Amino acid sequence: MLPAAALSVLAVLVAAAAVVVHRSTGRFWGDLAVYRAGAVAAADGDGALYDVVHRGTDGIALGFTYPPFAALLLQPLAYLDAATGIGLWTLASVAAVAAVVRATLRAAGSDTGPGPVLLGTVAVLPVFPVAGHLQVGQVGLFLALLVLLDLTGDPDSRWRGLGVGVAAGIKLTPLLFVVYLLCLRRWRAAGVALAAFAATVGLGLAWRPVDSVRFFSGGLFDTARVTGDPRTVLNQSLHGAVARIGDTADVRAVWLPLAALTAVAGLVVAVRCVRAGDELLGALAAATTGLLVSPISWHHHWVWCVPALVLLVVRGRRNRYAVTVAVLLWTALVASAAWTVIGLLGVDLHFHGWQLLHSNLYVLVGYAALGWLAWRPDGARAGGDERWGR
């Protein structure tokens, strides 16, 4: 019981630290502030959800960019003060990290006891996609958990696809996993996902019809509400990488064909992983594909590195190279460009030399992972029963 209690204490301590930092600095948790502002605007009535703007201490103005269904789920935030919301959200986020670690261990056939889960949770908290996620108060961990549990659960469940559909209703990007299910010819699961997504749209429309029409009639394509310049190092997508390499924000003519090619190749790799008997690798390959082809993939969207790191360590019980890769990947994700070229050097545009390489690290790792899986769709999996922490 000690590791289980330690896991609970860890979540409480991180949440308490978040509240202390917020109260003493007034900074960070900008995305959560946007969620709260959107929840308040939606609670006041229809038609104002996409007019709300939160301006942080850094002067950056952010608007609510999710479907009205997300604002419906976020309604409790409208009745909480900022500090309480940050504490509870951080507490739930750390719990979600632990749940992702446990789900990965289960899918990998490893020990899911509180000891390995605690060890995995502590290990991934410093990586920037997770630390940055906690710092801004993002929703991505919850979405990744929904999708991961759905895609690695019972393949014969009549509810398979439900998690994907609900996640897509909160934030549209998980719709890629519907395409993934279609590529696998899992028609029922894809149908369940689409039905669940349609239900979320219907709920949002019934609750806030004006906001729903505004969002789905064009608001979802307004990328200017997400970022003013795709070259920022925080945008770790193919689009951002091409923009940084060309040092221009207008790269659509180059990016679109590359993104289409990446989408096709990545989904082929994901399907091959499943055909080779590895549902977890298939889900990770599909997630990586989505991160690469999305116009904007912030650093915290790469929380899919959590199951990837855990899987590498589990496989490392039989393949020493997997542990080496895990250590290198962990180090690279801790020493993220957001800490170095922005935090230490104050550079976020116009990269040269090692900065250009470092600023595109996530994208390079994503392509390297897909390339490896294209060659070894089974992930060089060793046979036998693998256990982590025994």
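The values are calculated or read from the model by the stated rules, or taken from the named source; none is laboratory data. Since the model is a prediction, treat every value here as computed from it, not as a measurement. Quick reminder, even Gly has a Cβ in these numbers, built from the backbone with ideal geometry, and neighbours come from all protein chains shown. Side chains are part of the model used for accessible areas, which takes the heavy atoms of the whole protein and leaves out ligands, DNA and RNA. Shrake-Rupley method; radii C 1.70, N 1.55, O 1.52, S 1.80 Å.
Structure remark: mean-square fluctuation, Gaussian network model of the chain, C-alpha springs under 10 Å; the largest value among P307, P174, P155 belongs to P155. Counting heavy atoms of the protein chains alone, W330 has an accessible area of about 100 Å² for a 1.4 Å probe.
Net charge dipole, region 91-228: roughly 260 debye, given to the nearest 20, about the Cα centre with Cβ charges of +1 for Lys and Arg and -1 for Asp and Glu. Spatially, region 141-202 and region 15-82 are offset by 26 Å when compared through their Cα centroids.
Taking all protein chains together and a 1.4 Å probe, the residues C273, C183 rank C183, C273 from largest to smallest accessible area. Accessible surface of H301, taken over heavy atoms with a 1.4 Å probe and every protein chain present, rounds to 40 Å². Percent of alpha carbon pairs in the chain separated by more than 37 Å? Distances greater than 37 Å cover 17 percent of the Cα pairs.
Protein chains only, probe 1.4 Å: how do S24, S110 rank by accessible area, largest first?
Output order, biggest surface exposure first: S24, S110.
In the full protein context, the chain carries 44 Å² of accessible surface per residue, based on a 1.4 Å probe and ignoring ligands, DNA and RNA.
When the charge dipole of region 84-198 is built from unit charges on Cβ atoms (+1 for Lys and Arg, -1 for Asp and Glu) and taken about the Cα centre, the candidate among L176, T152, T90 whose Cα reaches farthest toward its positive end is L176. Taking the accessible area of region 115-215, probe 1.4 Å, and keeping the other protein chains in place, the carbon and sulfur fraction comes to 73%.
Expressed as a whole percentage, what fraction of the accessible surface of region 20-83 belongs to carbon and sulfur atoms when a 1.4 Å probe is rolled over the protein heavy atoms? Percent of accessible area from carbon and sulfur atoms in region 20-83: 58. Entry note: region 1-137 has Rg to Rh equal to 1.04, where both radii use alpha-carbon atoms and Rh is the Kirkwood radius. Averaging Cα coordinates gives a centre for region 85-134 and one for region 246-265; these two points are 33 Å apart.
Just so you know, the averaged projected area of the alpha carbon convex hull for region 116-241 sits at 10.1 nm².
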